[in-house]
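Asker: Let me give you the structure first, and then I'll get to my questions.
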Amino acid sequence: MELLGYLVDALTPFNLVLALAGVILGTVIGALPGLSATMAVAVLVPFTFTMAPASGLIALGAIYTGAIYGGAFAAILVNTPGTPSSIATTFDGYPMAKRGDGGLAVTLATLASVAGGLVGALALLFLAPPLARVALAFGPPEYFWLAIFGLTLIAALSVGNTLKGLIGACLGLLLSMVGVAVVGGDVRLTGDIPAFLGGIDVTSALIGLYCVPVILDLVATPEKHLQILQDNRGFRLREASRIAWRSRLNVLRSSVIGTVIGILPGAGGSIAGLVSYTEARRASPRSANFGKGEPDGVIATEAANNATVGGGFIPTLVLGIPGTPPDAIILGALLVQGIKIGPQLFTSEAGTVYTFIYGLLIATLLMLPAGLLIGRYAYRSVASFPKALLVPTVAFLTVIGSFAIHSNTFDTQMMFVLGVIAWGLNRLGFAPSPIVLGLVLGQIAEQGFVQTWLIGSATHNLAGMYFGRPISLGILCAALVTLCYPFWADRRARRRAAAAEMGAETAATPEAATEASHAPAARRGRPLGVIAIAVALVALGALALRATLGLSPMGAVFPRAISVMLIALSAVLLVVATTGRTSGYQPQPGESHPRRWGLAAVFGLWVFLIPTLGFAAASLAAFLAMMLIAEYERRAPATWALRVAIAVGVVAAFTWLMSDVLLLRLPASPFL
């Protein structure tokens, strides 16, 4: 009966308004690349100090869960994770949007997010103390193998091109090691550039690797960015509900995975989404469709990353160990309110804690109508938006998102540079996802690896530390199964295809069979671009290996291993490319390269001239120039006048938001 009383406290009109407003605000912030859940929660914490503790926690929890869900919008509509938790959503969400199923993808993401959020919050409500012990059972070896488990997704993403996928992962791992080592404090791979001491920001890199190639490709052709189905099917809620019900085991499995991984401090939604995506692909009878617009991929990722919200609060509230940065901020808000954290919290502050948990459940339920309404108009707005406005607007959001994290133009410049490199590598068969996986999981893997190595060396039990712990062995076995399964499935599919072709040839006329047998085999030319990249990567690996010579053993062991792997894999690629057994750059018909290079030049000048011209002036000039580049048709002067007014309004509004609301230090403009 006491629990029902706390539910009544959570259902007061004030708390309901806070939950709804928090979910809407969090969804909008999460949908903007770079404006993360951490930033949303941090900015609004001071406003909760005047509220009752339970009400303040409900507002912060609603913003947090809304921001994690909101990341799916950018992932689906513009192939850019709004938050790192939505990395795997891009794998199938964006292909669905490109073929005209963006509305369905958003609705599926909404249903899965609500289901995952409910599972995580219910685990927090009923199982918090026992589940908190799971976090204590994980040591450095378990974190290392968990990161390796996440990296095995590369095998699923790179079937048919595994070598390039592994090379991309090595590149991402090297990028994650730039700056001060997580263990030992060695300064590595900075090239004596002070700006690299803080490392490469993950969010800026995500925006660049995913979004910049999309922006460059948007202006290459006059076609629409996304397809809009002619029939008006609205939310497509019934269709999405049927798909979600058919995939109910996937929803439940992914939600449990998200909850358990959310309990582990430092793991977070990105690992949860990747692990659940891997497991969904392994268990699905349609595994070959993953990465091509498979609804189960969207469902798995969104159910898992939203379940981490409730799971992350378990160690935060029971042990005082925050699982993610937003959890740490909310923990600080609790301490400011005078609430003591620990196992006794659920008895000494039962009213506050249980009212907050019920408020989190209510906010998760409110996410369904709010998300459906936002999603309906978001997809159609982005799909029907004129390309001349869409291109500069998305580019402006990438600049804002990368700058707002640390108020540092260097992050914005790195975002652009990494994006251009990703576009070039993508044209040569190197997908950005393995690079992102290496970058996101690199520090977790290195910290677990080095700490395990230190403990094993000190106890003279190195093999036992890596391979002798039960949880580690379980994760290792799961990683091996996940790594090998895509190759087995691909081999089985090839055998079936070969058998089908043989049957078709047998059924064909003898003349046709004889003609086919004497037809000359197609030969591939040597892909010079891939050969050049392979040589450059061998040189890069050698330079990275040379840079480890002056480091301590702790700081050198991991980058040295990755450098050797990069050199070896790149050498194999060089041999394969030289013999003509891999494909090179394949130009797309109807592309306009001058527009693409013009846009890249404007984008580069924009990010590098911000410190000189100021944020507002550089942004407005680049916005107008990109409008001209992205327009393929003649427009009336009135249309251009309206677009110029929109450009001025967008730049002015976001400049005001960043400087006066978020209190970010923007480079001053000598002109405005």
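Asker: Sort 637-643, 433-439 by packing, meaning the average of other beta carbons within 10 Å per residue, with the highest value first. Could the numbers behind the result be given before it?
Answerer: Numbers: 637-643: 12.6, 433-439: 26.6.
So the order, starting with the most tightly packed, is 433-439, 637-643.
Asker: Something else about it: State, to one decimal in nm, how far the label point of residue 462 lies from the label point of residue 579, with both points 7 Å from Cα in the Cβ direction.
Answerer: 3.4
Asker: Can you grab the distance from the C-alpha centre of the range 607-672 to the C-alpha centre of the range 304-373, Å, no decimals?
Answerer: Here the answer is 39 Å between Cα centres.
Asker: Hey, can you rank 247-253, 455-461, 278-284, 114-120 by average C-beta count inside 10 Å, highest first? Before the final figure, lay out each step's value.
Answerer: Details: 247-253: 17.3, 455-461: 12.0, 278-284: 22.3, 114-120: 27.6.
Sorting 247-253, 455-461, 278-284, 114-120 by mean packing, highest first, produces 114-120, 278-284, 247-253, 455-461.
Asker: Given points 7 Å out from each Cα along the Cα-Cβ axis, report the residue 4 to residue 163 separation in nanometres with one decimal.
Answerer: It is 6.8 nm.
Asker: Can you give the extra length, in nm with one decimal, that the chain gains between residue 248 and residue 480 once fully stretched, where that is 0.36 nm per residue apart less the Cα-Cα distance?
Answerer: Numbers: separation 232, 0.36 × 232 = 83.52 nm, distance 2.58 nm.
Taking 0.36 nm per residue and subtracting the Cα distance, the gain is 80.9 nm.
Asker: Okay, moving on. Keeping all protein chains in the complex and leaving out DNA, RNA and ligands, what accessible area do you get for residue 101 with a 1.4 Å probe, in Å² to the nearest 10?
Answerer: 30
Asker: If you count, for each residue, the other Cβ atoms within 10 Å and average over each peptide, how do 207-219, 544-556 line up from highest to lowest? Could you put the intermediate results ahead of the total?
Answerer: Details: 207-219: 24.3, 544-556: 16.4.
Highest-to-lowest ranking by the protection proxy: 207-219, 544-556.
Asker: Applying 1/(1 + (r/R0)^6) with R0 = 22 Å to the Cβ-Cβ distance of residue 473 and residue 564, what FRET efficiency is obtained, to the nearest 0.05?
Answerer: Numbers: r = 26 Å, r/R0 = 1.18.
Calculated value: 0.25.
Asker: For residue 638 and residue 239, compute 0.36 nm times the residue count separating them, minus their Cα-Cα distance, and round to one decimal in nm.
Answerer: Working: separation 399, 0.36 × 399 = 143.64 nm, distance 4.20 nm.
Extra length available between residue 638 and residue 239 comes to 139.4 nm.
Asker: So how far apart, in nm, are the two label points at residue 455 and residue 605 if each is 7 Å from Cα heading toward Cβ?
Answerer: 5.6
Asker: Give me a comma-separated list of calculated 3J(HN,Hα) values for the range 237-245, in order, Karplus coefficients 6.51, -1.76, 1.60 applied at θ = phi - 60°, integers in Hz, x for any Gly or Pro.
Answerer: For the range 237-245, the Karplus curve yields 5, 5, 4, 5, 5, 5, 5, 5, 5 Hz.
Asker: Tell me, how many Å apart are the Cα centres for the range 531-568 and for the range 403-448?
Answerer: About 18 Å separates the Cα centre of the range 531-568 from the one of the range 403-448.
Asker: On the protein heavy atoms, probe 1.4 angstrom, tell me the percent of accessible surface of the range 238-306 carried by carbon and sulfur. Walk me through the numbers on the way to the answer.
Answerer: On the way: 1400 of 2370 Å².
Answer for the range 238-306: carbon and sulfur cover 59 percent of the accessible area.
Asker: Report the gain in length on full extension from residue 286 to residue 195: 0.36 nm times residue separation, minus Cα-Cα distance, nm rounded to one decimal.
Answerer: Numbers: separation 91, 0.36 × 91 = 32.76 nm, distance 4.56 nm.
Full extension of this stretch gives 28.2 nm more.
The values are calculated or read from the model by the stated rules, or taken from the named source; none is laboratory data. Nothing here was measured: the structure is a model prediction, and the numbers come from that model. We place every Cβ from the backbone using ideal geometry, glycine too, and count neighbours over all the protein chains shown. The protein model used for the area step is the full one, side chains on, heavy atoms only, and it has no ligands, DNA or RNA in it. Shrake-Rupley method; radii C 1.70, N 1.55, O 1.52, S 1.80 Å.
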